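Notes follow once the structure below has been shown.
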Amino acid sequence: MDTKLKKRRPGITFGFFFVAVTILLVAALIVGTLWFNGAVRPDYKDTVSYQSTVENILQELVQLGLGQAGGGRLEWEGSNISYLVEAAEGGVWGANNSALSTQELYEQLSKGYDRGQYDHIFLFQDGVLQEQERLAYGEVSSRYDLANEYPPYRGLEELAGDNAHNSQISFALGIQSVENLRNMGGIYSAYYTWYQMAIWILFLGGLAALALLILLVTLVKHRSLGMAHQAIARGINHLWMEIKLPTLALAVVGFCWTVLEVITLEVPIAVGTAMVVGCFWWCWLVGTDLVVYGKAFFTRNILTSVQKLLRTLESGYPFLARMKRRLLLFLVTEVVIVALLALCALGVLFGIGLFAELAMVLLFIMVILAAVGVGLLVLYIRQYNQNLDNFALVNDYAQAIRQGTAQEPLRLEGDFAPLADNLNCIHSGISRAVEERVRSEQMKVELITNVSHDLKTPLTSIMNYVDLLGRENLQPDYCNDYVKVLEQKSNRLKNMVQDLFEISKANSGNIDLNLEQLDVVALIEQTLAEMGEKSGQANVEIKTQFAVNHLGVYADGRKLHRVFENLLGNALKYAMSGTRIYLSVEQEAEMAVISFKNVSSYEMNFTAQEIVERFQRGDPARATEGSGLGLAIAKSFVELCGGSLTIELDGDLFKAIVRVPLGKTFRVTSAQPEEPAQEEASDQAPTLETDPLCQQEDPAEDHSAIN
Amino acid sequence: MSERYHVLVVDDDREIVESIAIYLSRENLEIYRAYDGLQALDILEGNAIHLILLDVMMPRLDGIKTMLKIREQNNIPIILVSAKSEDTDKIFGLEFGADDYITKPFNPLELIARVKSQLRRYFTLGTAVDAGGTSEVLRCGGLELDIHQKRLTVDGEEVKLTPIEYKILELLMRNQGRVFSISEIYERVWNEPSFAPENTVAVHIRRIREKIEINPKEPKYLKVVWGIGYKIEKA
């Protein structure tokens, strides 16, 4: 309800504004017309009708004095005036009172005038208007200067001038004051008309005052009024400029012309007023449009509309078809224009002698045609240019999307707008997907960290108390064995939690890789040394076969160490007692190949695929130590370093083959044939020099970053 | 030890605090318990504490913030005990002023060893700074290698080394922070050119680590640079 009212409010305000302005306009027009035509004056004796009535009376009096009128009495007006006419030959010709001469009557009238009985008195003696007094503007009395302030009545001079006898005419005339007027005659009707006019004017004045008040109120509510005007401008703006401008000029001219016509009473006042109001409001509305829209007022024209129409007609076609059609249309139009030009030229050539006027017209048409043709060309080239610019923008934008540097969506007008829109959609889709993935990855890592923390904390207590229990001498004795089992299992649980954490991190890709040049042979030596006691425990011998003494790879040392540790641990765990584990390092194309071979102590009834799955164990009973994640972790880590882990099963022979990409310097020299292993003694010195590791060792600071 | 050292154990898990307390009180240490950072700060205010075992993830005030508060006025050893086992977590903790970092779940014996090591270093060795001016002593953290007497002490306790082990350690300690490849170590210690990759060097290094490190798996001094060589971390 409230919103409805609010919506309607600008309309209501504008309605009041419209009514108020219209009333003021009409009132001003009516009052102006009445004033200009003398129908309205503050004093009724200034009105045209009073003046003409008095004129008539005076003429009649003159006629009476000349003896041209019959009867010797003024029949019609006699009741509202006192008069006495002396004939040209002397003697009273006619009177409606008892005075004996004009002089006497004039004196009587003057006295009466002083007492307010008469409004207007005249003394006409010997053909000249001698005295004239009239009550003006509510004053009790005032004497007028005959020459300036009260012009002589039209016709008196003429009468006096034309006739020789006129100079002998004398009369006195007094017009009754308003209170004494009788309801008859021209004087009364002049007064009555004035009286009615006055009432109308008062009414109009009141209306105008009211309108003014309303106008003030609407002006106070200028925001609402402004909104109304905006809405009007929106509406009017749909019209073409070609319509608005001429009609605006027409309305301005029509307004002025009609006002003049109405004032001079050339047209009926009702029709004139309607026209004036109409013209005024049309000017106002178009002016509003002009003020609100400014430049846009002019851009809404037939040309742009035609362009728009063409564009909507084109929009159904695919891009290429659209471009082709546009080119075709342009070419056809140009051809037609050129043809028409040629035709006109022919017409001019052949018709110039015979019809000069026709030639002029044709020349004019030619100029217009040429202008249209050139304009079309310019338009086409401009559009082509703009399309090229837009194409460049779209191109750059696509590049930016690819590089992930695109920020704001691309907004284009014209033929490339749909393409830009599509790219925007793709971009926002991509960024949304990326954002979601990043968020889910973060959540995953957080989850892993939290779960691992939540598992480790109770595990700490379990391990500590199991250890404390293990230190006690429990009764009965076998309880000590129980505690030992607890100790073993909690240790295993600890390892599993750590492995689980690691593999989850590796698989979620959220792991810090520290890739560097390193010697894979040295790494294996180190691993073997670190696992010293373990390999000693098992009744298994480890045989190493290094094809080269040094083999540089580009990998993360810690991760690769973990891989070898796991694979070696695996081999030690499952190798048959008394057999040998073969560990070999070779160079194969761009890869370093490290293989672990052992003979399994049990039947391997699983595939190579299954064994690297998470939680897969060689022995289904899961009796041995370990988390079952060893191979899965090794595979993940090798893959993180850009290598691969393959498992091969051949009867009881278990082969794990790690492939890691070679370091840069080795890649360069890899074209040379491999050094045979037998020559190691003599080759030692030169290989040391070319070894990238030796070069790396010199700046000690470089290595502080490694750990 | 003439007097009992006072150790403050801070962890939001009461059982862990209790188990640590049991282990440490067997080592003749006086135990104070706190279950969050604010409690720890309170206890620290009213008591003379010599060492703090501090959990990182705790309610109210976490371990790192507590440590920063303590470090504003106190210089006693702080060992962080946390389930966060990432390298970045350890580096972060040590950078912010911890003296050591132990990850949960821990080996109780290792914990005891680390606590005792810190106490020894802080109270018995802290003041005795290089009294003998004539003897050349190489130092790295708690490691002290006397070149003249050919003696090695770790946190004040003498460690027996074989001549080869001694030579390797001297080489590494003279060049702290520098990484030596296996063949380089071999050439400089054995004084003969290395032809094949020498497994012996790696084995010797492991033995040295077992002697000088509390937890050889997570070495503090003698570090393995995988695939490159070995180095002694610059203290």
- Item | Residue satisfying condition, being aromatic (F, W, Y), under 27 Å from A:V306 (Cβ atoms) and in contact (Cβ under 8 Å) with a residue 40 or more places away in the chain, within set A:Y380, A:Y384 | A:Y380
- Subset of the range B:142-155 (residues that are among the charged types (D, E, K, R) and outside any loop (DSSP other than H, G, I, E, B)): B:E144, B:D146, B:R151
- Could you give me the residue pairs with C-beta distances under 9 Å whose first residue belongs to the range B:86-99 and is closer than 19 Å to A:Q498 by Cα, whose second residue is loosely packed, with under 13 Cβ neighbours inside 10 Å and of a type outside the set (K, R) wherever it lies, and which are 6+ apart or on separate chains? B:E86/A:D512; B:D87/A:D512; B:T88/A:D512
- Message: So, in the range A:403-436, how many residues would count as being under 25 Å from A:Y317 (Cα atoms), acidic (D, E) and part of a helix (DSSP H, G or I)?
- Response: 2
- Among (1) within 14 Å of chain A (Cβ to nearest Cβ); (2) surrounded by 22 or more Cβ atoms within 10 Å (Cβ to Cβ), which single condition is B:L152 missing? (1)
- Residues (part of a strand (DSSP E or B) and over 15 Å from A:L662 (Cβ atoms)) located in the range A:557-586: A:A575, A:R580, A:I581, A:Y582, A:L583, A:S584
- Task: Evaluate the range A:426-448: report whether one residue or more is buried (at least 19 other Cβ atoms within 10 Å of the Cβ), closer than 24 Å to A:V563 by Cα and within 14 Å of another protein chain (Cβ to nearest Cβ).
- Result: yes
- Message: Against the definition (closer than 21 Å to A:I524 by Cα, facing chain A (nearest Cβ under 8 Å) and part of a helix (DSSP H, G or I)), how does B:V224 come out, yes or no?
- Response: no
- Task: For B:L109, indicate whether it is in a helix (DSSP H, G or I), within 24 Å of A:V445 (Cα to Cα) and either of a type in the set (F, W, Y) or within 13 Å of chain A (Cβ to nearest Cβ) (or both).
- Result: no
- Item | Filter result for the condition that a residue is among the charged types (D, E, K, R), surrounded by fewer than 21 Cβ atoms within 10 Å (Cβ to Cβ), away from chain A (no Cβ under 14 Å) and in a helix (DSSP H, G or I), over B:E210, B:E187, B:E158, B:E170 | B:E170
- Query: Just for helices (runs of 4 or more DSSP H) wholly inside the range A:264-369: which have at least 3 residues that are touching a residue at least 60 places away in the same chain (Cβ under 8 Å)?
  - Reply: A:269-293, A:319-351
- Query: Identify, please: which residue in the range B:59-75 is of a type outside the set (D, E) and without any contact (Cβ under 8 Å) to a residue 12 or more places away in the chain and is, among those, surrounded by the most Cβ atoms within 10 Å (Cβ to Cβ)?
  - Reply: B:N75
- In the set A:A406, A:A371, which member is over 30 Å from B:D13 (Cβ atoms), surrounded by 14 or more Cβ atoms within 10 Å (Cβ to Cβ) and away from chain B (no Cβ under 14 Å)? A:A406
- Note on the structure: Being within 14 Å of chain A (Cβ to nearest Cβ) and either under 20 Å from the mean Cα position of the chain (by Cα) or farther than 30 Å from A:N514 by Cβ (or both) narrows B:L29, B:L41, B:L53, B:L61 down to just B:L53
- Message: Any residue in the range B:39-58 that is among the polar types (S, T, N, Q) sitting within a Cβ distance under 9 Å of a residue that is crowded, with 22+ Cβ neighbours inside 10 Å? List the pairs, counting only those 6 or more apart or interchain.
- Response: B:Q39/B:V10; B:N47/B:L8
- Tally, over the range B:90-105, of residues that are surrounded by 18 or more Cβ atoms within 10 Å (Cβ to Cβ), within 11 Å of chain A (Cβ to nearest Cβ) and of a type in the set (A, V, I, L, M): 1
- Message: Criterion first (assigned to a helix (DSSP H, G or I), farther than 22 Å from B:N107 by Cα and among the β-branched types (V, I, T)) does A:I448 satisfy it?
- Response: yes
- Note on the structure: How many residues of the range A:449-464 are surrounded by fewer than 16 Cβ atoms within 10 Å (Cβ to Cβ) and β-branched (V, I, T)? The answer is 1
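No value in this document is a laboratory result; all are computed from the given coordinates. All figures in this text were calculated on a predicted structure; none of them were measured in a lab. We place every Cβ from the backbone using ideal geometry, glycine too, and count neighbours over all the protein chains shown.
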